[in-house]
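The values are calculated or read from the model by the stated rules, or taken from the named source; none is laboratory data. Every value quoted in this text rests on a predicted model; they were computed, and no experiment measured them. We place every Cβ from the backbone using ideal geometry, glycine too, and count neighbours over all the protein chains shown.
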Amino acid sequence: MQKKILWMSMAFLMASSLQLKAQYSKQDSTFKRWFVGTSLFVLLGNLDTENPPNFGQLNIGYRITGKDMITLAPKTWKYAWPNGIHPFLNSAYKKPEEKFPGYVREFGVTASYTRFLWKGLYAQLDVMPTWQIFADEKGKKVDDGFQIFNSYRVGYHIKLFKDKFFFQPSICMTHRAYHSTLPNGFKQLDDKWSKFIFPEPGLNVGFNF
């Protein structure tokens, strides 16, 4: 399932290179400033039967200018393998010996700043503080934690249906900039892996209003 998602992501990225509709003009004061959206991984990722993330995300954004926008995105998901294992490119992902003695459920809000560089090409910084709940195999809570999870992203903004909707394929590097001490059993596995992951695809869609 993870490999299928990666290939679908790459296909979307290649398709986006054919679309040259782009950023909003500096002189354009009529574009819709507000938008809502989500990640297609909410749909694709939740199809995973081995490690379902039960992922939820809602993006709420505002265009400050034709080139600058800010976004807040409440999110929640869970995972049973360390975040430092690349889910697509590392064969250690989903190996039984690397699995946590339970899982982590996270709740966070991402604050993002996006800057258009040329046409639809943009760079974006995402900063997400999250509250973590560590649970054992039976789903019983064993500890709480806190994490700051950043993404450094480059993508392309594609306008659809006369700019009523948009699609944003992207590639990013994720960075676990800070996290509190993990409980015993979780920490030993997590410490083996990097705080950075690259590359990770993004597939955001949204509606302008």
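The strands (runs of 3 or more DSSP E) found wholly in the range 113-180 and carrying at least 1 residues that are among the hydroxyl-bearing types (Ser, Thr, Tyr) and farther than 23 Å from PHE41 by Cα occupy 165-179. What do you reckon, is LEU125 of a type in the set (A, V, I, L, M), modelled with pLDDT under 95 and surrounded by fewer than 20 Cβ atoms within 10 Å (Cβ to Cβ)? No: the conditions fail for LEU125.
Scanning the range 159-209 for residues that are closer than 23 Å to MET128 by Cα and among the small types (Gly, Ala, Ser) yields SER170, ALA177, SER180, SER194, GLY202, GLY206.
State which residue is nearest to the chain's Cα centre (by Cα) when the search covers only the range 181-209 and only residues that are within 21 Å of PHE100 (Cβ to Cβ) and part of a strand (DSSP E or B). Of everything passing the filter in the range 181-209, GLU200 is nearest to the chain's Cα centre (by Cα). Pairing each residue of the range 173-198 that is under 11 Å from PRO82 (Cβ atoms) with any residue that is modelled with pLDDT of 95 or more and surrounded by fewer than 16 Cβ atoms within 10 Å (Cβ to Cβ), provided the two are 6+ apart or on different chains, yields C-beta distances under 6 Å for ARG176/LYS195. Please enumerate the residues belonging to the range 57-76 that are closer than 30 Å to LYS94 by Cβ and either part of a loop (DSSP other than H, G, I, E, B) or modelled with pLDDT under 95 (or both). The answer is LEU58, and nothing else. Is there a residue being modelled with pLDDT of 95 or more and either under 14 Å from the mean Cα position of the chain (by Cα) or within 19 Å of LEU203 (Cβ to Cβ) (or both) anywhere in the range 93-101? For the range 93-101, residues modelled with pLDDT of 95 or more and either under 14 Å from the mean Cα position of the chain (by Cα) or within 19 Å of LEU203 (Cβ to Cβ) (or both): absent.
When the range 56-91 is limited to residues that are touching a residue at least 40 places away in the same chain (Cβ under 8 Å) and of a type in the set (Lys, Arg), the one that is surrounded by the most Cβ atoms within 10 Å (Cβ to Cβ) turns out to be LYS75. Among the residues of the range 157-164, is there at least one that is within 19 Å of the chain's Cα centre (by Cα), crowded, with 18+ Cβ neighbours inside 10 Å, modelled with pLDDT of 95 or more and more than 21 Å from PRO96 (Cα to Cα)? Yes: the range 157-164 contains one or more residues that are within 19 Å of the chain's Cα centre (by Cα), crowded, with 18+ Cβ neighbours inside 10 Å, modelled with pLDDT of 95 or more and more than 21 Å from PRO96 (Cα to Cα).
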